[in-house]
1. Report the local net charge at K44: Lys and Arg +1, Asp and Glu -1, summed over other residues whose C-beta lies under 9 Å from its C-beta.
2. Can you give the Kirkwood hydrodynamic radius for segment 95-215, in Å, rounded to one decimal and based on Cα pairs?
3. Between D94 and N329, how high is the FRET efficiency from 1/(1 + (r/R0)^6) when r is the Cβ-Cβ distance and R₀ = 45 Å? Nearest 0.05.
4. Which lysines, on any chain, are close to K54 with Cα under 22 Å apart, when same-chain ones fewer than 8 places away are left out?
5. Name the residues whose placed amide hydrogens come within less than 5 Å of the amide hydrogen of G309, ignoring near sequence neighbours (fewer than 5 apart) on the same chain.
6. Would you work out the relative contact order for segment 229-370, in percent, from Cα pairs under 8 angstrom that are 6 or more residues apart?
7. Given that compact globular proteins tend to follow 2.2 N^0.38 Å, what is the ratio of the alpha-carbon Rg of segment 1-122 to that value?
8. Bin all alpha-carbon pair distances of the chain at 10 Å intervals from 0 and give each bin's fraction as a whole percent.
Amino acid sequence: MKFLEYQVKERFRAAGIPVPDGRLARTPDEAALAAGALGPIAVKAQVPIGGRGKAGGIKLARTAADAKRVAGEILGMTIKGYTVKEVWCETAQDITRELYLGLTLDRDARKPVLILSAKGGMEIEEVAETHPEAIAKLHPDPWRGPLPFEVRDLIFRSGLGPLQVQLTPLVVKLYALARTYDALTIEINPLALTQDGGLVAADGKLEIDENAMFRHKDLHGADESDEDPLEAEARRRKLTYVRLDGSIGVIGNGAGLVMNTLDLVQREGGRAANFLDVGGGAKAEVVHSALELLAGDPHVKGILINIFGGITRGDEVAHGIIDASRDLNLKPPLVVRMTGTREEEGRQLLREAGITPEATATGAARKIVELASATGQ
């Protein structure tokens, strides 16, 4: 479950994490009233996704008239598939520096990881790539949480030692909040250092593990009607799907195999449009459903299917691919790599249908990138 910024900040405030004063507005007039009460404000689109600023979803307003005008511009706009139905109007901050503080799961270490960076205001993945020296990490014991000396060490390793007094309680409170809500991800970005030397959560993100929702039945996150339509449709079809920002549709069986396939596509110069795992033992109808989902995405310019047969049978997968290709009249080029249980039967069925399977995953990734590029799309 994902939450909107104002919902996250409500929880931050309740946990003792400083946040700017703000009001929710669903009309331009309500935004004007907020500016009249708060003074200069930031008018911020409320959608459960990043990149709002770059999309024009965050604007400053000095007066009530400004607030009414910019709210009118933001309300109703679409940001990465989400329609803006409400804006958060909060007191504009005099920021001298932007930091990052967050917690997520490190699946390799099998522990939560606290991340603190002297560079905030951008995606932490971007910081890790361009300024890895600016990031410090701490893997606290998941049973006892971070100890005081571990938190101090984290702060000093991030180069933020002079802010130790302000940062220490924030790190502890954020970790406690993550534990309370079974958070997969919780972050403050940017964590703003203001002109008066205080720290305030200028933005926030919270995503709760759906497997723990039985413990949080009273919580209500972002309106599901605002969910990415393809992700909503995938959930309805019981498919594990995440939309990405590339043009190569990827289908595989098993999360690890799909992740590896995404990496192969990128290594060959392409970018994946999605993560789609049809799971073990995928039947023909599941594969058909997955292809139908990708066929409905206008961003997909080529489709790569990577199957490793264990309990998944190659002939079953082949039947699903063939039926979908016929029924959907697929336009994007399609490349299939298949190995494992009944691979020869599956490959033969594909050949008879005019689909030549690739022998290796690397070769398949290379071919689909070439085919998608050759279309000029």
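1. Details: positive: R52, K59; negative: E5, E90, D203.
Neighbourhood net charge equals -1.
2. Working: mean 1/r = 0.0690 Å⁻¹.
So the Kirkwood estimate lands at 14.5 Å.
3. On the way: r = 58 Å, r/R0 = 1.28.
The value I calculate is 0.20.
4. Within reach: K2, K9, K44, K68, K80, K85, K119, K205.
5. The answer is T339, G340, T341.
6. Relative contact order of segment 229-370: 24 percent.
7. Numbers: Rg = 15.7 Å, N = 122, 2.2 N^0.38 = 13.7 Å.
So the Cα radius of gyration is 1.15 times the expected 2.2 N^0.38 Å.
8. Computed distribution, short to long bins: 5, 20, 26, 23, 17, 8, 2, 0.
FYI, it's all coordinate maths here, none of it is from the lab. Only a predicted model underlies this, so the values are computations on that prediction, with no experimental measurement involved. Backbone-built Cβ (ideal geometry, glycine too); neighbour counts: all protein chains shown.
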